[in-house]
Every structure is written in C-alpha cells, then in structure tokens.
Amino acid sequence: MGKLTIRASRKEDIDLIMSMYDNSRREMRAGGNHSQWVGGYPSLATVEDDILKGHGFIIEDNGIAIGTFAFIVGRDHTYEKIFYGQWDEDDRPYGTIHRMARASGARGVFKACVNWCRQMIPSLRIDTHADNATMIHLIEKHGFKYKGIILIDDGTERKAYQMVDCGKLCIPLIKYLEDNIIPQYQYFDQAHREDHVRSVINNSLDLASHYPVEINMVYATAAYHDLGLVEGRELHHLVSGQIMRDDKMLRTWFNEKQITTMSEAVEDHRASRREPPRSLYGRIVAEADRDIEPLKIIRRTIQYGINNHPGLDKEGQWSRTLEHLNEKYAEGGYLKLWLPESKNAKPLNELRALINDKEKLRVIFDEMFDDIVAKTMGEKR
C-alpha cells in the first residue's frame, strides 16, 4: 500500500462507486449485519447527488481507487435530536461522514478518510447501525466517542459518534486566512506588514502548545489582530475585533461563543491595555505580539516616527524614540508579560539595558535612522 490520496468524485466514477457499495454490502452480510444498506441504498441517485453537490470523494492508492465516502459540512437534520446521550458543543459547526465503502481487499480506507476530514473541520460526526461491528470497531479505534442514538430518515436507529479535534489545523480555514486576511497587511506601515502577522501567528502557535486551547482559534485570532489598522492606529484593536465579528465566513468553522472569545482577544492584545486580557486566547496573542527583539523594536520605533511624524527633524525623532521606549518598555513601562512560557523576558531585560545606556542607544539610533532615510529616499527616486 502506497500513500493514499483523496479527490472529489466524478461522473465517470459512478460505476466504480456502485461496485464498492456492493462489495461493502456483501461484507456487512458476511459479518452478520443484515439490516443496514437495504432497499437499494445507497442508490444511483444518491451517488449522483453527492457528485453534483461536491459531497462525494474517492480514496486512491497510487492512482487506483480503493474507497469512497461522502463528507458534508453543515448541520445534519438527522443529528438534531439525540437520544440516551448528548453532543459536545452542539452549536459548533461540524462535518459528517456518510456512505463509506471500499473495494475488495482494500486496507486503510477508514483511517485515510478520517485523517482527511479532520483537516477540513475540527469537529466530526458519524453514525452506523448497531449490527455493524466492523464499523463500530473502526470508529472507536480512531478516536470517535459514542454519544447516543439518532433516527435516520426511515425512522431506524443508528449509533452516533463524535470527534472534536482541537489540535489539528483546519486546511480550508487556513486557506481562507492566507488568501483573504493575511494579504491585507501589505497595505499597513512597515512595522505591521505580512512579516509581522506571520511572526505573531508563529509565536501564538508556539505559546498555544503549552495550553489546552483550540489551535484554529489561536491561528485566526493572530491573523485578525491588526486588521483594524485600516482605520488608523489609535483604535485599531477595537476595529480589528469588529472586523472579526462581522466576517460571516468564520461561522463556517466557529460558533458564536468562539467568535466572541476571539474578537475579545483581538481587542485585548494592545500593549497599552492596563487590564489583563479577558481570556487565555487574549493573553496568547498579546504575548505573541510583543515579539521582543531589542534592535527590531528600536528600528520599528524609528520607522513609525518617520512615517507618522514627518515634520520632526533627526533630533526630534531621537527624542520621540526615547520617549516611546521609556513609556512602553522601560522599568515601570506599560508593557506587561502575561504568560510564564513567554520567550520575551530575557530580550526585554536586554532592551531595558539599552534604554538605560543612552550613549550606546544613540549610536544604534543614528545608524538605523540614516539607513531608513537613505532607503526611503531611494524608493522615492
């Protein structure tokens, strides 16, 4: 068996899919399951509908089709009522696996399907007939938890299972952020462009590894944290939170409670905030946003002054740089470190030593200021 891959089903796959259904039906009967997939189900019309709606998928082993399944993201009406149990986080968006089948002798189909689906959305549901011992074994082996009984459309019972995976990044979400959110940073000032948001994302993921948090929430919070710069710096944290709340696409992957938590974390990330962030997500992104590298911070401070206070001469920029560094980073400054796992404590002490050594800081300032001005003049020519 080589590396298994998954692709969308096509019309030319219909006969192959139906043969896989026939094979799985025979395996059910041989295993004593005579009650599932009766009356011609799954039908040709069902397969055609899966293909039309983009719900059908083929599992291939080195280009050879060995399995099939349907995967539907969104609420399933047969899962709305559950008996003798309850769902975890019932308002959370989820994907449902249906109509899984394999070719005769195929191996690894269930594992390949579940691993792929886990990358599409963190919360999964699946059900099967009580007589399907083989499927029950596979479902439980691969991490699904039994949640209760549901009734399918014909009124018969099915055992229902759920998996909520907080530790795996969701590919469609990441693609949405990469294609639509992160590119917006190219329009901000030099200190807050794409390299900055990617640094905050990476720092956030590193910090998240120490805590029981939803990794996709961490990623999204970091991606949105500075979007409010589109309306200026002063209230950018509040505008960023509103942008996040207003983004309807996020409801594909998160429920309203999660979106509220993330938007509040975005609002709380600003270093000048006196109160601690309202949640662990806020502490993570606030800490990740610090990204304290003494020389980098000094350069960003100078860049900001040149960009936003062009009327100041070099001495004026020096005074502004000193004032900002002391107000924010010096002993007694407003910047706070919120997490013990932060890597910022040591470089913050190094920066404070530079702030206290005015002669050394002035040498660094002169070199950076002249370099920034020279590059700016070069870009204008």
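The values are calculated or read from the model by the stated rules, or taken from the named source; none is laboratory data. Nothing here was measured: the structure is a model prediction, and the numbers come from that model. We place every Cβ from the backbone using ideal geometry, glycine too, and count neighbours over all the protein chains shown. The area values use the complete protein model at the heavy-atom level, side chains included, leaving out ligands, DNA and RNA. Shrake-Rupley method; radii C 1.70, N 1.55, O 1.52, S 1.80 Å.
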Completion exercise
Flagged in the stretch 353-365 as open to solvent by 40 Å² or more (accessible area, probe 1.4 Å) and either touching an Asp or Glu at 6+ places or on another chain (Cβ under 7 Å) or touching a residue at least 40 places away in the same chain (Cβ under 8 Å) (or both), in numbering order, are 362
Exercise for the section: Give the residues of the stretch 173-196 that are in contact with a Leu (Cβ under 9 Å, 6 or more places away or on another chain) and either within 18 Å of residue 284 (Cβ to Cβ) or assigned to a helix (DSSP H, G or I) (or both), sorted by residue number. Expected result: 173, 176, 181, 184, 185, 187, 192
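Residue by residue, here is whether (1) of a type in the set (Asp, Glu); (2) open to solvent by less than 20 Å² (accessible area, probe 1.4 Å); (3) in contact (Cβ under 8 Å) with a residue 40 or more places away in the chain; (4) under 25 Å from residue 166 (Cα atoms) holds:
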| residue | (1), (2), (3), (4) |
| --- | --- |
| 183 | no, no, no, no |
| 215 | no, no, yes, yes |
| 231 | yes, no, no, no |
| 236 | no, yes, no, no |
| 248 | no, no, no, yes |
Exercise for the section: Report yes if residue 265 is in contact (Cβ under 8 Å) with a residue 60 or more places away in the chain and crowded, with 21+ Cβ neighbours inside 10 Å, otherwise no. Expected result: no
Problem - Hits in the stretch 124-157 (condition: outside any loop (DSSP other than H, G, I, E, B), more than 20 Å from residue 83 (Cα to Cα) and not charged (D, E, K, R)) - result: 133, 134, 135, 137, 138
Practice task
List the number of the failed condition for residue 63; all other conditions in (1) touching a residue at least 60 places away in the same chain (Cβ under 8 Å); (2) touching a strand residue (DSSP E or B) at 6+ places or on another chain (Cβ under 9 Å); (3) at positive phi hold.
Solution key: (1)
Problem - Cβ pairs under 8 Å, 6+ apart, first in the stretch 273-295 and at negative phi and open to solvent by less than 40 Å² (accessible area, probe 1.4 Å), second among the charged types (D, E, K, R) and modelled with pLDDT under 85 - result: 286/273
Handout entry: When residues of the stretch 339-352 are limited to those that are charged (D, E, K, R) and open to solvent by 50 Å² or more (accessible area, probe 1.4 Å), the one farthest from residue 321 (Cα to Cα)
Key = 341
Practice task
Determine whether residue 270 is over 27 Å from residue 94 (Cβ atoms), in contact with a Phe, Trp or Tyr (Cβ under 6 Å, 6 or more places away or on another chain) and either surrounded by fewer than 16 Cβ atoms within 10 Å (Cβ to Cβ) or free of Cβ contacts under 8 Å to residues at least 60 places away in the same chain (or both).
Solution key: no
